[in-house]
1. If contacts are Cα pairs under 8 angstrom and at least 6 residues apart, what is the relative contact order of segment 75-217 in percent?
2. List the aspartates and glutamates whose Cα lies under 12 Å from the Cα of Lys69, skipping any in the same chain that are fewer than 8 positions away.
3. How high is the FRET efficiency from Ala74 to Arg98, r the C-beta distance, R0 22 Å, rounded to 0.05?
4. If I stretch the segment between Thr249 and Asp113 completely, what's the gain in nm (0.36 nm per residue apart, minus their alpha carbon distance), one decimal?
5. If you take the beta carbon distance between Asp187 and Arg272 as r and set R0 to 35 Å, what does 1/(1 + (r/R0)^6) give as a FRET efficiency, to the nearest 0.05?
6. Evaluate E = 1/(1 + (r/R0)^6) for Asp66 and Arg120, where r is the Cβ-Cβ distance and R0 equals 25 Å; express this FRET efficiency to the nearest 0.05.
7. In nm, to one decimal, how far is the Thr156 label point from the Ser264 one, both placed 7 Å along Cα→Cβ?
8. Under the classification rounded if a/c is under 1.5, otherwise prolate if a/b is larger than b/c and oblate if not, where does segment 119-158 fall, given a ≥ b ≥ c as square roots of the Cα gyration tensor eigenvalues?
Amino acid sequence: MVRRCMGERVVLGGVAARLGCAVAVCGVLLAGCTSGGEGPRGPAAGTTAQGAVSASPSPTAVVDIDPAKLPTTAAEAAALVRDVLAQPSAFGPDTVRRSPYESDPRRWAVLGDDCAWEQRALPKDVLASLTRHYEVPAGGGRGPLTLSAVVTVHRTAEQADWENAEVLEEMLRCPSQLLRPGEVLTDLTDVPSALGDSGNGYADDTLTETGAYTSDRLGGPHPYVWEQTRIGPFTVAVSAKGAKGWSRTDLFDRLRDPHTRMRSGLRRAIERDDVPAGTGSPSASGSTVTKGSRR
């Protein structure tokens with residue numbers, strides 16, 4: 001029986017239950033969550049469901065963050081994001097910029113009640129969110145591979161935590177999602193992992209989403225992958241939308257290096273300078289084995 005709830009915040013073992021209702025619906029966490037019908041919509045970013053139990057901010061164990069290095073204004077956050085975001089070459093020497101290359105850091109993509117993605121102004125709990133768009137041009141019997149990377153700066157780690165939880169609720173609520181006219185995602189499956197689980201020694205939380213991508217221009221279905229990690233109040237994500245000739249393994253291979261480099265760049269920007277050798281937090285260089293802007 002599927003148990004339904006409204007995204008309440010609860011505490012399990014002293015740690016904020018980030019996945020809330022989504023875990024209850026999905027059952028065994030590591031088995032992944034699959035879209036299977038319309039589910040409840042969680043609280044929008046920056047809001048709390050009525051009657052929700054307040055939870056303490058999730059611990060940030062993976063990085064010893066220096067509070068003095070955290071951005072406090074939208075301008076500071078946007079500057080940090082631009083320093084962290086991957087250049088096209090990180091995805092491979094054949095990768096080029098798409099147009100537009102960068103999104104407006106004052107806006108982000110939101111999944112509407114009609115299961116269509118749209119751009120909206122950032123909520124008050126988000127300082128900046130910037131997406132870059134890339135492409136591997138068609139060639140060698142393969143269609144064009146569409147790539148993206150996104151870094152979002154929340155005011156607190158707890159708010160970043162809820163971004164991941166809302167991704168799971170979106171997938172359950174909308175088994176089919178319209179990216180833009182003529183582009184659709186279907187058959188979505190999400191696999192979350194906390195620090196220390198499933199080989200995750202490089203982020204406070206990770207979330208991997210896979211599915212099928214179909215477009216009027218490229219046909220399909222083709223493989224789709226989105227990988228997102230959270231480090232303190234930051235989320236770092238990469239995504240790939242396939243085309244003819246690209247396998248899911250190919251997409252994971254293209255995303256691994258840029259995702260790792262962005263995590264490492266973020267750590268260098270926010271970590272304390274005086275961490276004694278051998279006592280620092282786990283390495284951020286581990287590869288992702290398990291989301292960037294879908295748009």
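1. Reported as a whole number, the value is 18 percent.
2. Glu271, Asp273
3. Calculated transfer efficiency: 0.35.
4. Net length gain for the segment: 45.7 nm.
5. E between Asp187 and Arg272, to the nearest 0.05, is 0.25.
6. 0.20
7. 3.3
8. prolate
Rule-based calculations on the coordinates, nothing more; no lab input. Computed from a prediction, not measured in an experiment: that's the story for all the values here. Every residue, glycine as well, gets a Cβ built from its backbone with ideal geometry; the counts of neighbours run over all protein chains shown.
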